[in-house]
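*Asks:* Just passing along the structure, written as structure tokens.
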Amino acid sequence: MNWAIHFPHLGIHLEHVGKAISIFGFDIAYYGIIIGIGMLVGIFIAAAEAKRTQQNPETYFDLAIYAIIFAIIGARLYYVIFSWDYYKGHLLSIFNLREGGLAIYGGVIAAVITVFVFASIKGLTAPQLLDTACLGLIAGQMIGRWGNFFNREAFGEYTDSLFAMQLPVDAVRAADITDKMQEHLVRIDGASFIQVHPTFLYESLWCLAVLILLLIYRKKKKFQGEVFLMYLFLYALGRVWIEGLRTDQLCLPGIGWPVSQVLAGILVIVSPVLIIHGRKREERRKHLRRHEIKEQK
């Protein structure tokens, strides 16, 4: 197999980008290593934010144990459900995570449910937990997307733009190669390469921008849960565009619409409505409180 990855217009030529590292004869996929690093960074960012807001950081270490387990299960289930045409004939492959196949929205949905259950059991406020945890979540997503780079997956259609990425045909799944890519194959040292949008890179950079915006926005929040809603809005805003470029979309059965793009579009509309409603509700609450104080005087 050809292990090269090129970014020709940026002058970047990587001749050997492996998919795994061997330790004592056992291969550990870079995909898993990157995901693990993203999780650890996310946990420590959430703990730091908890300390800043005078919460107990240990709460988030405890929460992370459950959230990560169920997020991985949710991400895999989401991917398998919307790829069932393949997995119904390869049932054992459902449990093979080393080759990728985790859908971030499935992970987020499962993690949010976990937060509400955890908050209920511990007597905590779920919206506050979500506000704190989402900073770590977006940081983890930013790092985790680079797992797709090592797996040669989650790329877009053919492009000749500045960030165009060239991948060897024999290193990617045949199902992800479109007719347009075939028409623009590039020959390098006798090997055929497709030239595509590095959508993993676009999303990683977008997540970085979202993290910066959330760090600024958190100081202006009016109610618990507002930062999380802003995370949903900003992340979905980028995902609507990025998902449209990808060739490995998970689609709604019978309709053919990209499920993650549809979900992102819904969040782009719903999240701002909930933020506006929450801010108005908080303003009314403060107004009533001020009125009650005046009457007591």
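*Asks:* Which condition number in (1) under 24 Å from PRO258 (Cα atoms); (2) more than 15 Å from the chain's Cα centre (by Cα) is the one that THR59 fails?
*Replies:* Looking at each condition in turn, THR59 falls short on (1).
*Asks:* For the stretch 88-108, does any single residue satisfy the condition of being modelled with pLDDT under 95, within 21 Å of the chain's Cα centre (by Cα) and on the phi > 0 side of the Ramachandran plot?
*Replies:* There is at least one residue in the stretch 88-108 that is modelled with pLDDT under 95, within 21 Å of the chain's Cα centre (by Cα) and on the phi > 0 side of the Ramachandran plot.
*Asks:* Among helices (runs of 4 or more DSSP H) lying entirely in the stretch 33-139, which contain 1 or more residues that are closer than 21 Å to PHE150 by Cβ and out of contact with any Pro (no Cβ under 7 Å at 6 or more places or on another chain)?
*Replies:* 57-81, 104-122
*Asks:* Then there's this: Of everything in the stretch 224-246, what is charged (D, E, K, R) and assigned to a helix (DSSP H, G or I)? Give them in sequence order.
*Replies:* GLU226, ARG239, GLU243
*Asks:* Among the residues of the stretch 22-29, is any in contact (Cβ under 8 Å) with a residue 40 or more places away in the chain, assigned to a strand (DSSP E or B), surrounded by 17 or more Cβ atoms within 10 Å (Cβ to Cβ) and not polar (S, T, N, Q)?
*Replies:* yes
*Asks:* A further question follows. Hey, could you check the stretch 170-212 for residues that are without any contact (Cβ under 8 Å) to a residue 40 or more places away in the chain and in contact with a helix residue (DSSP H, G or I) (Cβ under 6 Å, 6 or more places away or on another chain) and say which is farthest from ALA264 (Cα to Cα)?
*Replies:* SER192
*Asks:* Which one is nearest to ASN96 (Cα to Cα) among residues in the stretch 42-80 that are aliphatic (A, V, I, L, M), free of Cβ contacts under 8 Å to residues at least 24 places away in the same chain and surrounded by fewer than 19 Cβ atoms within 10 Å (Cβ to Cβ)?
*Replies:* So the residue we want is ILE69.
*Asks:* Out of the residues in the stretch 157-176 that are of a type outside the set (D, E, K, R), in contact with a Leu (Cβ under 9 Å, 6 or more places away or on another chain) and not in a helix (DSSP H, G or I), state the one that is nearest to GLU15 (Cα to Cα).
*Replies:* If we filter the stretch 157-176 for residues that are of a type outside the set (D, E, K, R), which is where we start, we get 158-159, 161-169, 171-172, 174-175.
Now narrow it down to the ones that are in contact with a Leu (Cβ under 9 Å, 6 or more places away or on another chain): 159, 162-165, 169.
Now restrict to residues that are not in a helix (DSSP H, G or I): 159, 162-165.
Numbers: THR159: 21, LEU162: 20, PHE163: 17, ALA164: 16, MET165: 13 Å.
In this case the residue turns out to be MET165.
*Asks:* Within the stretch 140-156, can you find the residues that are in a helix (DSSP H, G or I), within 23 Å of VAL210 (Cα to Cα) and among the hydrophobic types (A, V, I, L, M, F, W, C)?
*Replies:* MET142, ILE143, TRP146, PHE149
*Asks:* Might you let me know whether the stretch 130-140 holds any residue that is buried (at least 18 other Cβ atoms within 10 Å of the Cβ) and more than 30 Å from PHE44 (Cα to Cα)?
*Replies:* For the stretch 130-140, residues buried (at least 18 other Cβ atoms within 10 Å of the Cβ) and more than 30 Å from PHE44 (Cα to Cα): absent.
*Asks:* Out of the stretch 245-276, which residues are small (Gly, Ala, Ser) and at pLDDT 90 or above?
*Replies:* Hits for the stretch 245-276 are ALA264, GLY265, SER271.
*Asks:* Hey, could you check the stretch 164-176 for residues that are exposed (fewer than 15 other Cβ atoms within 10 Å of the Cβ) and within 23 Å of the chain's Cα centre (by Cα) and say which is farthest from LEU201 (Cα to Cα)? Don't jump to the end; show me each part of the working.
*Replies:* Of all residues in the stretch 164-176, those exposed (fewer than 15 other Cβ atoms within 10 Å of the Cβ) come to 170, 173-175.
Right, trim to within 23 Å of the chain's Cα centre (by Cα) and you get 173, 175.
Details: ARG173: 19, ALA175: 21 Å.
Per the criteria, the residue is ALA175.
*Asks:* State which residue pairs qualify: first residue touching a residue at least 60 places away in the same chain (Cβ under 8 Å) and inside the stretch 272-285, second residue surrounded by 12 or more Cβ atoms within 10 Å (Cβ to Cβ) and among the hydrophobic types (A, V, I, L, M, F, W, C) in any location, beta carbons under 9 Å apart, and separation of 6 or more residues or different chains.
*Replies:* GLU282/PHE223
The values are calculated or read from the model by the stated rules, or taken from the named source; none is laboratory data. Just so it is clear, the structure is predicted and the values come from calculations on it, not from any experiment. For neighbour counting, all protein chains shown are included, and Cβ atoms are generated from backbone atoms with ideal geometry for every residue, glycine included.
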